[in-house]
Amino acid sequence: MNILVIDWLIFAEKLVLIAVIIFSSLGVALYTTFAERKVAAILQDRPGPNRAGPFGLLQPLADGVKLFTKEEIIPNAANKFLFILGPGLAMTAALMTCAVVPWGNKLELFGRTIALQIADINIGILYVFAVVSMGVYGIMIGGWASNNKFSLMAALRGASQAISYELAMGMSLISLLFLTGSLSLKTIVEQQINNSHFWNIIYQPVGFIIFFICALAECNRTPFDLPEAENELNFGYHQEYSSMKLGFYLFSEYINMFISSAIMATMFFGGYDMPFVDESKFDPNIAAIIGIVALMVKVVIFIFVFMWIRWTIPRFRYDQLMDLGWKKLLPLALANMLITAFFILLQSNPIKF
Amino acid sequence: MAATQIIFWFLSVLALVSALMVILSKSPVYSVLWLIALFFAISGHYILLNAQFLAIVNMIVYAGAIMVLFLFVIMLMNLNNETEPQKNLWIQLTGAISGGCLLMLLISLIKQATEIHGKRLIFENGTIGLIENLGKSLFNEFVIPFEISSVLFLSAMVGAVVIGKK
């Protein structure tokens, strides 16, 4: 009896793609921790990690081994199941977002055309939103289950911060979606590749700035790292965590950073589009590889900017954070949305003077 | 059995089990987590019906925002088994009976409804749930109800702000 009717080749192809993307996100996150320490060192005029391997390149591996071999402590008063679930959720939510990012155009291997995107769904960007809003649970559950007042405070801060900044983020995206008329990330990239169309940053600079600030807040990066403000809350929501569970929390932050950089590059900076080059002239495989490299370069630049901001700007006070989110970014995003809508209306119904 | 059917049964069982666990679990935090699982299962059903927009909005609004606020309040109040007053058996029994009556009523109503007789679910290839069709029908056929509901939301927002200011 044939129970499942599935095209096994597509199944295998997608499985390989998922494995490659998840492992490369993990690899990128691993080396982002190293890059963070190096960038911090350069900005503070000191050498940074340089002992393990040439230029300290083996440092992340050493850190990983250290985290793995440390003693695993679960506090007596903690809720055991939720205490373990927390970091797992944080990690899952961080990795799930990469499903809709188009990492490149098409590869042609063994007579098959392989799209370098796990799923091209027509609600792509909303999917990203849904998964991002799930990411809060990792922090909240972890903070609550630790049964520690500082962790709980940090969890509540994290949740309220994420909810507040999601609003402005959504509003800034709506004005971009007015322009693209599509929610699919693949379509958005293809529109930007088109020669008669510039990258979306040209049309939506204000939207991009709002989105970028909100992305910083959603990733809990300085100046918005209030959930782990070490001088007020000891270590925030992961204070009771040790060993690899702590590693999961730290890692998920770097994965979030990587994926949000990829999303920003995709939506505002042309995704896998190499500027000033007409990709359609090349062999499709070479064009795909050029595309992946172009996207990665953009992502690395974004990650560098994230770090640059972290090591330059001090942390906000809590009321300043809420003030910025609700009283500055949200009205700005609304105004941006109305102005964009007005111009689009004007373009589709020209007024004759 | 096709893949769709397997997924349907899996999601249905998940939805029923998590709905029961919302009521049965002792700790309110677990209840909230089961409720989130329930929303996921229902979103899965929407996706099976090809209503992708509905599925994702259900996840963003309910699982992503409202449940976070629920969890927020429950964590702040710190409702644990010890502190929560246990209701006595009679109240639980009355609740079960009245809930059962409501369920019976709903099931009999659904069975009698003529609108759904002889209708079958359209799996995978229905198009009404896609964002484009949904937007068109909302802004063409149902403009007035849509706008009225937005006024309702606005008044609720104003109300929340007024209460919050007090």
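Nothing in this text is a laboratory measurement; each read-out follows from the coordinates by a stated rule. On a predicted model such as this, the values are computed, not experimentally measured, just so you know. Glycine also receives a Cβ, built like all others from the backbone with ideal geometry; neighbour counts cover every protein chain displayed.
Identify all lysines with a Cα-Cα distance to A:K149 below 19 Å; exclude those on the same chain that are fewer than 8 residues away in sequence.
By straight Cα distance, A:K149 reaches A:K80.
What number, in percent, do you get for the relative contact order of chain A if the mean sequence gap of Cα pairs under 8 Å and at least 6 apart is divided by its residue count?
For chain A, the relative contact order is 23 percent.
May I ask you to list the aspartates and glutamates whose Cα is less than 12 Å away from that of A:K298, ignoring any residue fewer than eight positions away on the same chain?
The reachable aspartates and glutamates, counting only those whose Cα sits under 12 Å from A:K298, are A:D273.
Between rounded, prolate and oblate, where does the protein assembly as shown land on the alpha carbon gyration tensor, with a ≥ b ≥ c its root eigenvalues, rounded for a/c under 1.5, else prolate if a/b exceeds b/c?
Rounded, because the longest to shortest axis ratio a/c is under 1.5.
Within 10 Å of each residue's Cβ, count the other Cβ atoms and sort A:Y237, A:Y127 from fewest upward.
A:Y127, A:Y237
Could you calculate the FRET efficiency of A:I313 with B:L105 from 1/(1 + (r/R0)^6), where r is the beta carbon distance between them and R0 is 51 Å, rounded to 0.05?
In this case the efficiency is close to 0.30.
I'd like the distance between the alpha-carbon centres of the stretch A:312-345 and the stretch B:2-38, rounded to an integer number of Å.
38 Å
Can you give me the Rg/Rh ratio for the stretch A:70-348, using Cα atoms for both radii and the Kirkwood formula for Rh?
Result for the stretch A:70-348 is an Rg/Rh of 1.01.
Tell me, what is the FRET efficiency for A:K70 and A:L9 to the nearest 0.05, using R0 = 45 angstrom and their Cβ-Cβ distance as r?
0.55
Using all C-alpha to C-alpha distances in the stretch A:41-197, build P(r) with 5 Å bins and read off the rounded percent in each one.
All Cα pairs considered, the percentages come to 2, 7, 10, 12, 12, 12, 14, 14, 10, 5, 2, 0, 0.
If one computes the Cα centroid of the stretch B:47-64 and of the stretch A:161-201, what distance in Å separates the two points?
Computed from Cα coordinates, the inter-centre distance equals 20 Å.
Given a Förster radius of 25 Å and the C-beta distance between A:I286 and A:T113 as r, what FRET efficiency does 1/(1 + (r/R0)^6) yield to the nearest 0.05?
It comes out at approximately 0.95.
Pull up the cross-link candidates among the lysines for A:K281, meaning alpha carbon to alpha carbon under 18 Å and not fewer than 8 places away within one chain.
Hits, sequence-local ones excluded: A:K106.
Residues with beta-carbon under 11 Å from that of A:A168, excluding A:A168: net charge, scoring Lys, Arg +1 and Asp, Glu -1?
0
Roughly speaking, what is the stretch gain from B:T94 to B:I23, that is 0.36 nm per residue apart minus the C-alpha to C-alpha distance, in nm to one decimal?
Taking 0.36 nm per residue and subtracting the Cα distance, the gain is 24.1 nm.
Excluding A:A333 itself, what net charge comes from residues whose Cβ is under 14 Å from its Cβ, given Lys and Arg +1 and Asp and Glu -1?
Residues near A:A333 contribute +1 overall.
Using the membrane-span-like helix rule (whole DSSP H runs, Cα extent along the own axis of at least 18 Å, mean Kyte-Doolittle hydropathy at least 0.5), which helices of chain A qualify?
Long hydrophobic helices here: A:8-43, A:80-96, A:124-145, A:149-180, A:205-218, A:243-268, A:284-310, A:330-348.
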